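Take a look at the structure set out below.
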Amino acid sequence: MTNRLETLSEAARWRLLVDAAKQAAETAGYQLTRVPGRGLSNIWNLTKDGKTQVAAIRTTRDRWIAFPPLEKGTKWKTLDDVGLVLVATVDSKENPQSIEVYIFPADDVRERFNASYAARVKAGHVVRDNYGMWIALDHDAGRSPSWVGSGIIDKY
């Protein structure tokens, strides 16, 4: 089957994934309102059953997501400001055929990023403040510190 994503511009691919995340949240019963003034952060208020939570939407075509660490990994840009993380991803990096959307509690995502940060620093990797650090959605039992925290979709 043809990879139609390759025929779209980068902006169109991003918009397609963001729209999929928003549609999935609405299908799950959330009402969405954009949080203004956040630039490209893509922050939304999600309301369901009278409870409103702030959510960050992340998109990925390689099944890895990023948040930038701050203050030597004691804080996370955007991630510390939200209660939920919506991730829109393709089903396959090599030959995507569909879009998958996940809604994760931000606490779980923060735990994974904290563990990955600690493993990378312990291994002597340079992890810069305010520069995206990535974790994989899919689990990998590899020995590289970059795989610590991977596999969040396995839990949900």
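The values are calculated or read from the model by the stated rules, or taken from the named source; none is laboratory data. What you are looking at is a predicted structure, and each value in this text was computed from that prediction instead of being measured. Glycine also receives a Cβ, built like all others from the backbone with ideal geometry; neighbour counts cover every protein chain displayed. When the accessible area is computed, the model is the full protein with side chains, heavy atoms only, and any ligands, DNA or RNA have been set aside. Shrake-Rupley method; radii C 1.70, N 1.55, O 1.52, S 1.80 Å.
Would you mind telling me the antiparallel percentage of the DSSP bridges in the chain, rounded to 5?
Within the chain, antiparallel bridges account for around 80 percent of the total.
Quick one: Cα centre-to-centre distance for the stretch 6-73 and the stretch 121-156, in angstrom?
A separation of 20 Å, based on Cα centres.
For the charge dipole of the chain, defined by +1 on Lys and Arg C-beta atoms and -1 on Asp and Glu C-beta atoms about the Cα centroid, which residue among Ala118, Asn95, Leu5 has the Cα displaced farthest towards the positive pole?
It is Ala118, whose Cα lies furthest towards the positive end.
List every residue whose amide H lies under 5 Å from the amide H of Asp138, counting only residues 5 or more places away in sequence or on a different chain, with H placed 1.01 Å from N in the peptide plane.
Amide H neighbours of Asp138: Gly151.
Probe of 1.4 angstrom, ligands and nucleic acids ignored: what's the accessible area per residue over the chain, in square angstrom?
Per-residue value: 56 Å².
Could you work out the relative contact order of the stretch 18-156? I mean the mean sequence separation of Cα pairs under 8 Å and 6+ apart, divided by the number of residues, in percent.
20
Select from Leu17, Val85, Tyr131 the residue farthest towards the positive end of the dipole of the chain; place +1 on Cβ of Lys and Arg, -1 on Cβ of Asp and Glu, and compute about the Cα centre.
With unit charges placed on the Cβ atoms, the residue in question is Tyr131.
How much of the accessible area of the chain, in percent, comes from carbon and sulfur atoms when a 1.4 Å probe is used?
Roughly 50 percent of what the probe reaches on the chain is carbon or sulfur.
What is the magnitude of the charge dipole of the chain about its Cα centre, with +1 placed on the Cβ of each Lys and Arg, -1 on the Cβ of each Asp and Glu, and no other charges, expressed in debye to the nearest 20?
Charge dipole of the chain: 360 debye, to the nearest 20.
Just add up the charged neighbours of Tyr117: K/R +1, D/E -1, any other residue whose Cβ is under 14 Å from the Cβ of Tyr117.
Local net charge: +4.
With a 1.4 Å probe and all protein chains kept in place, how much accessible area does Asp154 have, in Å² rounded to the nearest 10?
Its heavy atoms expose roughly 110 Å² to the probe.
Would you work out the charge dipole size for the stretch 1-85 about its Cα centre, treating the Cβ of every Lys and Arg as +1 and the Cβ of every Asp and Glu as -1, and quote it to the nearest 20 debye?
Here the size comes out at about 60 debye.
When a/c reaches 1.5 or more, the comparison of a/b and b/c decides; with that in mind, is the stretch 87-156 rounded, prolate or oblate per its Cα gyration tensor?
prolate
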